[in-house]
Structure formats: C-alpha cells, structure tokens
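> Quick one: the structure is below, and I'll ask about it shortly.
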Amino acid sequence: MKKIILALVIALTCVASSFAGEVFAKNGMLMAPGDKAVSIGFQFPVGAIGSYEMVLGKFEVAELPLSYGVKALGGASFWGDGMRWEAGAVGTLHFSWACIDLPENLWWIQNFDTFVGLGFGVVGWNYKQELVDLGWKNQIFPGLWYSGGSTYHFKENLAITFAGGNASFIGLLIKL
C-alpha cells in the first residue's frame, strides 16, 4: 500500500509540474495573509475529507517569510469493521520554497508550500451492528491534533495537496 501511495504522489507531482511553467508565489509566499482555501481529498483505505483555511498573517525568521492561519477539517473513512470520522481545527504555519534563491532549472521547486498544524479535534468509531452486538462500543476520542504536508501549485489558485497527521489525505487545494 505504501508503494502505491508513493507512486501516486510521484505521478501527481510529475503531471502537475508539466502544466506549470511559472512560479505562482507573491512576495515569496504561496499562502499569504488574506488567502482562503478549500481542500478536498481522499483518505485511505476508503474515505473523503475536506478542509477550509484562512491565512491570517505573516512574520519572518532569518529573512524567510512564514504565514500562519487557522484550518477546520472534517472527514470520514470506511474500514472493514465500520466507519471512522473526524472533525477538528488546527493553527497552521506555512513556508513557501519560493523565498529561496534556486538555480533557474529548479524553478518548479518554488511552487511547493510546506505546512504544519497543531490544534484540537475529535475522532470517532462507529462499528457494524454485528460487532456492537458482540460488545464492541462505538467510541469518541477527543484530543490534540497535528498535521503537516505540502502542496504543489500548478496554477495560481489550484494545487495538489499531500497531508499527514490526524487527517491524512491526498487531494486538491483551491484558493478562493
């Protein structure tokens, strides 16, 4: 399964880079203050997730611009023994590779935005009725959430996103 996911990530990046040809960052940032974005994607083994993010501000560390914001996430995935669902909110921190001087033949790296997030969320399990009859209990787990990943912008307002953490997925990011 990990090999399939890796092959999918590489294939999507190659396809996306073939459509690009320019760097979409403004002032060294792909996700800048005031930006709003919606992400939709697929979870594994079978599931879907969505998120909404607002970028609130920016600051610099060693002359590298970083932006920060808030993101709400929600999704559901189906397993052999039932359904897993999640909902949460995280604070996000973005770093765009566009702020680094790179050789001209590596322009495409400047369309990557890397992000991390930390917040609070709830994960629940709803089991099949046969398992509930055997004593399994539907469960809810509130707790600390973390996320991280990268997006590759192949248009100014469209990117492929790869996220890991409590709400892992591969999908599309659309800037509004």
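Rule-based calculations on the coordinates, nothing more; no lab input. Just so it is clear, the structure is predicted and the values come from calculations on it, not from any experiment. Note that we place each Cβ from the backbone using ideal geometry, even for glycine, and neighbour counts take in every protein chain shown.
> What whole number of Å gives the distance from the Cα centroid of region 44-71 to the Cα centroid of region 73-125?
Comparing the Cα centres of region 73-125 and region 44-71, I get a distance of 7 Å.
> Show me the chymotrypsin sites (Phe, Trp or Tyr not before Pro) within region 51-160 that DSSP assigns to loop and that have at most 16 other Cβ atoms within 10 Å of their Cβ.
Sparse-neighbourhood loop chymotrypsin sites (Phe, Trp or Tyr not before Pro): Trp136.
> For region 67-167, state which GluC sites (Glu not before Pro) are in a DSSP loop and have at most 16 other beta carbons lying within 10 Å of their beta carbon.
The qualifying sites are Glu156.
> Another question, then. If Lys and Arg each add +1 and Asp and Glu each add -1, what is the summed charge of the other residues whose beta carbon sits under 11 Å from the beta carbon of Gly117?
Neighbourhood net charge equals 0.
> Okay, next question. What trypsin sites (Lys or Arg not before Pro) does region 112-176 have in DSSP loop regions with at most 14 other beta carbons within 10 Å?
Passing sites in region 112-176 are Lys128, Lys137.
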